[in-house]
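Here is the structure we will look at, set down as structure tokens.
The values are calculated or read from the model by the stated rules, or taken from the named source; none is laboratory data. Just so it is clear, the model here is predicted, and its values are computed rather than measured. Note that we place each Cβ from the backbone using ideal geometry, even for glycine, and neighbour counts take in every protein chain shown.
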Amino acid sequence: MHTYDVIIVGAGPAGSLAGYYLAAAGMDVLILEKSTFPRRKVCGGGLTHRAFSELPFDIQPVIQRAVSWGYISASGRASAAIYGRDPIAYLVERAPFDAYLLDKAMEIGAHAQPGTRFLTFYEEENRIQITTQTGVYYCRYLVGADGIHSLVAKKSHLIPTRATSLAYEARLRMPAKASHHLLDSVTFDFGTLLCGYGWIFPKQDHLNVGVGRSWPARRVTQRQLMRFIDQHPALQRSDIIDLRASPFPLGGDKHKLHHNRILLVGDAANLADPWLGEGLYYAFASARLAPEAIMQHISGETADLSAYTRDVHDTLRLQMRYARRLSLLVNSFPGINTFLLKRSPTLQSMIIDLLRGSRTHQDIWNELKICFPKVLWHLARGK
């Protein structure tokens, strides 16, 4: 029976990109995916520039819009425009985007088996036996990229409890008169629901509109999504094409992400921004770190895969902890923060730099402690 160097369970962005890196390094890689592509994925489809910068190849064919500005609003009313000279985000439709990433992995040598549902694994002395609905496979390393309900994590007893939330998303037909200024770029609305936010992302032929909570155990409802749509002057319930709900991880907790020769990446590793729910950057970053850890172990540089867990904690988890602090700050006073953002070029510059990746969440938090009192002072004096 053929033994692969690495089997990856899940062909989402983290799994496909990990497969790309491993195949590029000469590894014999198999990606198992329960769905057939393209498939619908509940996701706003907003790719920040820092996530875009993580990709090792061009994705221009699947970018629907590049935006250099956007709006932050409070309960559909007060809004602050944020302008950048260069793109701060790229809008994609997840079905063709995910399929494109998988194609890139296959082009460079990775093998893929769509429509193959992973069931369990058994660790032997020098290899791992993978059981699926369609057959048995063998590998030396296993990467779990199978999402927030990861079976790989469950079977390997990793992340026994995880902080999650829920997002409700609607696709709306583009309004006949799509000239409202809030439809020209991305919109984040803080204040539309407690401890959460709403978003509007315009695509080529439709709008992606949703609500999510950035606080564990506080779920959103379809009713709250409808209220968000009703309060926005450019949105109509009659334009709704479909509705879906999906859980998403709230990262920041310290978890072990390796077990013997097994690693978790992306949502399976519970990696996502606990403020805005962004998961793609963390998917891409963990998909880069995991192959590095595997190749270091193969070469004998490391005794085990613990370096991966350590690297994720050092480079990603710390930023997610500061993102959670920013979430608490913004969600506690959405109206005041939107007003301040509208009046302060300094605060606007911080948000732009965060989305572009030139400043981290930690940088923003530390600078806010210094500049926030100054901003309040200047505004109070009418400057």
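A few points about this structure:
- Flag if residue 88 is in contact with a Lys or Arg (Cβ under 7 Å, 6 or more places away or on another chain) and farther than 22 Å from residue 294 by Cβ: yes
- Residue in region 168-184 that is more than 27 Å from residue 97 (Cα to Cα), charged (D, E, K, R) and at pLDDT 85 or above present: no
- Looking across region 79-115, the residues that are of a type in the set (A, V, I, L, M, F, W, C), under 29 Å from residue 132 (Cα atoms) and assigned to a loop (DSSP other than H, G, I, E, B) come down to 108, 110.
- Residue tally, condition part of a loop (DSSP other than H, G, I, E, B) and within 20 Å of the chain's Cα centre (by Cα), over region 217-247: 4
- Pair list, Cβ < 7 Å and 6+ apart or interchain, from region 245-259 residues that are closer than 13 Å to residue 306 by Cα to residues that are in a strand (DSSP E or B) and of a type outside the set (Gly, Ala, Ser): 257/263; 257/264
Table: residues versus (1) in contact (Cβ under 8 Å) with a residue 24 or more places away in the chain; (2) of a type in the set (S, T, N, Q); (3) under 20 Å from residue 1 (Cα atoms).
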| site | (1), (2), (3) |
| --- | --- |
| 89 | yes, no, no |
| 113 | yes, yes, yes |
| 126 | no, yes, yes |
| 131 | no, yes, yes |
| 141 | yes, no, yes |
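- Residues (assigned to a strand (DSSP E or B) and either surrounded by 21 or more Cβ atoms within 10 Å (Cβ to Cβ) or of a type outside the set (Ser, Thr, Tyr) (or both)) located in region 155-177: 165, 166, 167, 168, 169, 170, 171, 172, 173
- Members of region 122-154 found to be buried (at least 22 other Cβ atoms within 10 Å of the Cβ), assigned to a loop (DSSP other than H, G, I, E, B) and of a type in the set (Gly, Ala, Ser), listed by number: 145, 147, 150
- Failed item, numbered, when residue 263 is tested on (1) in a helix (DSSP H, G or I); (2) crowded, with 24+ Cβ neighbours inside 10 Å; (3) among the hydrophobic types (A, V, I, L, M, F, W, C): (1)
- Search result, residues across region 221-235 that are surrounded by 14 or more Cβ atoms within 10 Å (Cβ to Cβ) and in contact (Cβ under 8 Å) with a residue 12 or more places away in the chain: 224, 225, 227, 228, 229, 231, 232, 234, 235
- Flag if residue 323 is crowded, with 20+ Cβ neighbours inside 10 Å, modelled with pLDDT of 80 or more and touching a helix residue (DSSP H, G or I) at 6+ places or on another chain (Cβ under 7 Å): yes
- Selection from region 86-98 of residues that are closer than 16 Å to residue 58 by Cβ and buried (at least 18 other Cβ atoms within 10 Å of the Cβ): 87, 90, 92, 97
- Residues that are at negative phi, outside any helix (DSSP H, G or I), modelled with pLDDT of 80 or more and over 19 Å from the mean Cα position of the chain (by Cα) do not occur anywhere in region 273-285.
- Residue 71 being assigned to a strand (DSSP E or B), out of contact with any Gly (no Cβ under 8 Å at 6 or more places or on another chain) and either closer than 19 Å to residue 204 by Cα or in the same structural domain as residue 281 (by TED's automatic domain parsing) (or both): yes
- Residues in region 261-317 that are without any contact (Cβ under 8 Å) to a residue 24 or more places away in the chain and in contact with a Ser or Thr (Cβ under 6 Å, 6 or more places away or on another chain): 296 alone.
- Candidates are the residues of region 1-12 that are buried (at least 24 other Cβ atoms within 10 Å of the Cβ) and among the hydrophobic types (A, V, I, L, M, F, W, C); the one that is modelled with the lowest pLDDT is 11.
- Condition check for residue 66: small (Gly, Ala, Ser) and either under 25 Å from residue 147 (Cβ atoms) or assigned to a helix (DSSP H, G or I) (or both): no
- Members of region 13-54 that are part of a loop (DSSP other than H, G, I, E, B) and either modelled with pLDDT of 95 or more or of a type in the set (Asp, Glu) (or both): 25, 26, 27, 28, 54
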